[in-house]
Every structure is written in structure tokens, then in C-alpha cells.
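Here's the structure, in C-alpha cells; my notes come after.
The values are calculated or read from the model by the stated rules, or taken from the named source; none is laboratory data. Quantities reported herein were computed from a predicted structural model and do not represent experimental measurements. Here the Cβ positions follow ideal geometry from the backbone for every residue, glycine too, while neighbour counts run over all protein chains shown.
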């Protein structure tokens, strides 16, 4: 808690220095008791609606931090893995297969075995093997190599032969994986590193992109494997059902059930497993492969899939997926491609794993019966815990025994027991941030929820935008936002990722210290935020020159309004000379375009319009022509007052349109305007002033 407090204060101060508007004295923090209580109450609504369950499923697991991870908590980096081709010998001999009429193939004499060949980059999952999977519609070749027959997808025979150094091979026959007569379904294979037989199953997820077209199935270590085995078990006889096996401890070390490798971390055990396969004559080929692999976002270590008991929200049992996909279509996505990105993620995501194994956080307010181990997750009990948390914070869960956290008289629904243990897992931080719409907006009353806009980096399609959508659809049957805006990431001037080792980091604190916050704000607005944002000293230097044009324009306008009182000296529009009306026409176009650009979140266009207006319309044309009037005409000359009328209107409008971007400069200019403008009760600050409207009478088409 102290650690979190330290860094939120640093973040608050840095945001203030950048001129970010916020209720900084009353920030919303997920660790505040009121917020923590809302988290629990929202979880209670999930439970009440149904679809929350605790089950054994494979999840992303960090073996260093020893916790489950969400997809949003992993980063993909290059990783070098073993690439191995492994024989899974069929239980039946070639002679038995021929006698049964399987494949309708006459095996040549001397053939001693038929093996299905699988390819994997995770040898450590082989001790957990339960089945082998082929695609029902892929053609598989029976390939004779010396005294054995290998089953490989026909399209991949050549690439497998090259990878494994096979020569002198011949194809005996080609059979479709799911052929009802000559197919492979329900043949049995001997498992390479464990006891038992693995049935051949069929699955549509098998591809011909890499490997052999045959997949080893370890349901304890893969989502598709898990789903396939569940489907198989649903119709299998009790004695034939497959197990969800994950023989690892929390640190990713093999347990005693894998005696040969017990105590070894799975990734370090890969080499030993490969050698064991070689010794047993099951290794057909071995190399390495560098590929994109998930790493923990905190410790940067490679993660694994591991089946553990976790809390989940079903995506389909209560129609959450269907409803979330429908809501995506009702939201405005900026840029528009964000819609397709989050749609694909929701459409294909597994059930949401809500639990984490960490020492501190918001607890999952569930209890386990000490007598029968039944799990109690009851909305009434959850709300009781939430009331305690609202008073004392989430730490009360860790400080008090179970009986002090439950309403009096609570009993186990299964056995009637009174003794309970507390759930040890905490809630996913993405659930905590996802319910911010309920914790922050709803207490403010009508008109605040749903939010007009959520904005964050493009990675949040799988993070905050994602979890906020799922929580809101579950509890309120609609999205928590009307629009979502995403931006790219900051890269160096060459478009390369920043890193200390590359020496190309441009820290925002350094830019603010050297050039001021306005330059950083101007840089942000000048970029195409829909792509990655480039920054370098050269880019900043160019933007400094742009900013100076705007600032110097404001200085010139102010310096020539020192004796102008708009209430007393304003010249009516119809009496303005043509040049002044032309300047107001240009101002009309500026305000019109800038208003539209703000509405469309096109900040780069705003920077372009302001730069052109100040550098060309004003400095190069209008102000240059005006100097004689301003400097040589009599103080109350109608032409001089006419010019000042326009200068005043330009300055007020320009100050207002720049305010969201050049916040400090706009406020500085505002404070130097006549008191009649800036000291009215409604406008002590430019940021409280109404945005300028383009005056229709300025739109003189004949002057264009």
C-alpha cells in the first residue's frame, strides 16, 4: 500500500506539470476502501447473475511470480525453443492393422511399427500427454522409411523429411484423417514419457502451417487441448475418460509423478527430455526455433500454460460473449479499426480467469466449508464482506478469521457445517480497473454513466477496454462507454522502440525540464496518434519553431491592443474595410475547421490549421499590411480602431481554440486581456470560457 501511494503521488505531480486537468485532490484509487467495496459488490453481481465458477483449467502461469496471468499481462518477445519431431507408435502392430483391414494397405515385409509423428516446441509437456489429434479433412500419408511407417500430413511430408534428414522414403497410401472406414480415429498410441495409451482424436484446430499435421494433446497445458478432451470425455465411458494432467508445482518444477525429472524446472528439463526420447528411439528430428513467445509483463520471464484451480467467468453460459459483441457495434471506435480488433478478441477469448495468486490485493470473497470442502460464493455474504471492506479496507479480509467476516448463522448449503476457511486467491487487477465505471461514474449521479469517452493505448483493447466492457455488460447489459479512442506508442525518430541499452530514450520529464510542458503538449497534438508517435531532438526543435510562431502572433496582437477597450472602441462589422473583413473570413475558416477537428479528435489537423493561420494568414499577410495603420495612424483613427477590433476578435478566438493544447500559453494570454473579458464571473480562466462559434457574418464568400 505504501509503495502504491508513493507512485500515485509521483504520477499526480507529473500530470499536473503537464497541465492535465483532473480532480487531483480527490483521485480515484483502486486501493481506497470505497473502491475496494465496489469491486466486491460488482463481483457479487457476477455471482448473482450466474456463470462464475471455480474449476481446473489451463491458464497462463508465471513460474517466477507463481500466479495465473491474464492475456493482457503478457508480452510477446523472441524466445528460442527446442523443435522436435516425435514418434507416437500405434499400439497395434502392422500385422494387426492389416488383419483388421485398417487403411486397406499391404505393409511390406519387415515393417515393425507404425507411428504417428508429432511436432512440438514444448517437450516438457509430453509427460502430460493424453491424446494425439489429427484434422478430419486433412489427407495423411503413410510413409515407409526403412523398417517403419510414419503417419504425416501428405502436404508436409517433404518438409518433415528435410527437417528430420529422412531419405529413401516412399508413400504407401494417403488417407483422410476422419475417413469413417480408413481414418485414424480412436486408434491408440503408446505415450512416450508416461504410462498408458493415447487415443487418436479429431480436431478442426489442426493446421498445415508448421509441423506434421499431427498434434500431441496435453489438456493440462493448452486451451484447445483442454476443450478437445472435455468434448471427448462428455461421451466417453467412465473408464475411458482422459485426465487433465499438469504434473508441476507453482514454481514450474516437475512433481514426483514425473520421477525422472522431479524437481527440475520445465524449461530446463527440455534438454533431458529430448535425450530420453533419443535413447528410447522416439526422437525423429531435433533442432531449435526462435519464435514469438509469451513473457510475464512484470518479471519478463517466459510463461507456461498450466492447469490449476481458478475462478472463472463463463463467456457463453449466460450469453456474455454474444451480448458483448453486440455492444461493440454500438460504440464509436477511434480509429475505426479498433472495433475489429476488440471484436476478434472477444469472439475468440476463453472464459475469463478472475483469480490471481498474490500476497496483496482485493480478495475473492468466497469461503470453503471445512467439513466437506464445498465452496460458498453467495451474493448476500459477498455484500456483507463489502460493507466491512468499505469501513476498514480490503486488509480486513487478511486480518480477521472467516467467522468474523460472514453474517451470523451462515451455514454450508451442502452439509450444514458452520466452520469455514477463507479463499486465498485475489481478484484479477483487470477486474478491479474494469469496474472503474461503477466505482467512479455511477456515484456522481445521472449523466455521468456511461462515459462519453474512454482513451488509452492500443494495447488496452485486450486490457482496460476489454475488462470494462465485460464487467459492464454483465452488470448493466450495455457498454460503459459511448466512444473509445486509442493511440500508438512512443518510438524514437527512426520509428524504433526506445530502450536504455539503445540509448534512444527521450524522457518526458527531460523534455518538460528543457523545453517546457507546452512543447511536449504541442508535440503530442502534432502527431498522428493513430500510429506510433515519433520523437527526437530534431522533431522537437522543429516544433519549437512552430510554437514560437503561435506565441509571437499572440504577443503581437496583445502589444497592439494596449489602448483598446472592446466596449468603447469596437467598430461594427459592416463598417470594417475589406482587408479586415478578409482577416475575419480567415478566422471564420479557422474556427470552423478547428471545431470540426476537435469533434473528430483530429488534433494534428488543429496544429496544422493554427500554424498556417499564424504563420501565413496573420504574420505573412494581414499583420504585415497592418503595421502602417497600427504604428502611424492617429490613436482613434477609424482604420486603426477597425484593425484593433479584428485583432481583438482574432486574439480571443485564437486563445480559446489553442487552450486544450497550449493550456499554459492560453491562460497566460487570457490574463492579459482587458478586465471586461477575463474578470467576468463566468470566465476567470480561459478554460472556463465557452468555445468560440464561427460568426456567420464573417463568411463573406466574395473575399475568399
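Odds and ends about this structure:
- Unique residue being out of contact with any strand residue (DSSP E or B) (no Cβ under 8 Å at 6 or more places or on another chain) and in a helix (DSSP H, G or I) when the list is 275, 317, 256, 243: 275
- Residue 224 vs. criteria surrounded by fewer than 20 Cβ atoms within 10 Å (Cβ to Cβ) and in a loop (DSSP other than H, G, I, E, B): no
- Residue count, the stretch 195-210 (criterion: in a loop (DSSP other than H, G, I, E, B) and more than 38 Å from the chain's Cα centre (by Cα)): 2
- Residue 88 vs. criteria part of a helix (DSSP H, G or I), surrounded by 14 or more Cβ atoms within 10 Å (Cβ to Cβ) and in contact (Cβ under 8 Å) with a residue 40 or more places away in the chain: no
- Residue match in the stretch 357-364 (condition: over 12 Å from residue 427 (Cα atoms) and either part of a helix (DSSP H, G or I) or touching a residue at least 40 places away in the same chain (Cβ under 8 Å) (or both)): no
- Among the candidates 368, 342, 334, the residue that is in contact with a strand residue (DSSP E or B) (Cβ under 9 Å, 6 or more places away or on another chain), in contact (Cβ under 8 Å) with a residue 24 or more places away in the chain, over 22 Å from residue 466 (Cβ atoms) and crowded, with 17+ Cβ neighbours inside 10 Å is uniquely 368.
- Exactly one residue out of 281, 285, 272 is surrounded by fewer than 16 Cβ atoms within 10 Å (Cβ to Cβ), more than 25 Å from residue 357 (Cα to Cα) and in contact with a helix residue (DSSP H, G or I) (Cβ under 7 Å, 6 or more places away or on another chain): that is 272.
- Among the numbered conditions (1) within 28 Å of residue 322 (Cα to Cα); (2) at pLDDT below 95; (3) surrounded by 14 or more Cβ atoms within 10 Å (Cβ to Cβ), the only one that residue 348 does not meet is (3).
- Residue check: residue 227 meets all listed conditions (1) within 27 Å of residue 154 (Cβ to Cβ); (2) in contact with a strand residue (DSSP E or B) (Cβ under 9 Å, 6 or more places away or on another chain) but one, namely (2).
- Flag for residue 324 being at pLDDT below 95 and surrounded by 19 or more Cβ atoms within 10 Å (Cβ to Cβ): no
This table checks each residue for (1) out of contact with any helix residue (DSSP H, G or I) (no Cβ under 6 Å at 6 or more places or on another chain); (2) loosely packed, with under 15 Cβ neighbours inside 10 Å; (3) in the same structural domain as residue 82 (by TED's automatic domain parsing).
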residue	(1), (2), (3)
125	yes, no, yes
153	yes, no, yes
170	yes, yes, yes
176	yes, no, yes
194	no, no, yes
197	yes, yes, yes
204	yes, yes, yes
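- Of all residues making up the stretch 469-486, the number that are out of contact with any strand residue (DSSP E or B) (no Cβ under 7 Å at 6 or more places or on another chain), assigned to a helix (DSSP H, G or I) and either in contact (Cβ under 8 Å) with a residue 40 or more places away in the chain or surrounded by 17 or more Cβ atoms within 10 Å (Cβ to Cβ) (or both): 6
- Residues in the stretch 227-240 that are in a loop (DSSP other than H, G, I, E, B) and either in the same structural domain as residue 204 (by TED's automatic domain parsing) or surrounded by fewer than 13 Cβ atoms within 10 Å (Cβ to Cβ) (or both): 237 only.
- Number of positions in the stretch 61-81 that are part of a loop (DSSP other than H, G, I, E, B) and under 21 Å from the mean Cα position of the chain (by Cα): 2
- Selection of the stretch 391-411 for residues being surrounded by 12 or more Cβ atoms within 10 Å (Cβ to Cβ) and more than 39 Å from the chain's Cα centre (by Cα) yields 410, 411.
- Among the residues making up the stretch 18-32, those that are farther than 30 Å from residue 516 by Cα and surrounded by fewer than 18 Cβ atoms within 10 Å (Cβ to Cβ) are 31, 32.
- Counted residues, the stretch 434-468 - those being surrounded by fewer than 17 Cβ atoms within 10 Å (Cβ to Cβ), in contact with a strand residue (DSSP E or B) (Cβ under 9 Å, 6 or more places away or on another chain) and in a loop (DSSP other than H, G, I, E, B): 2
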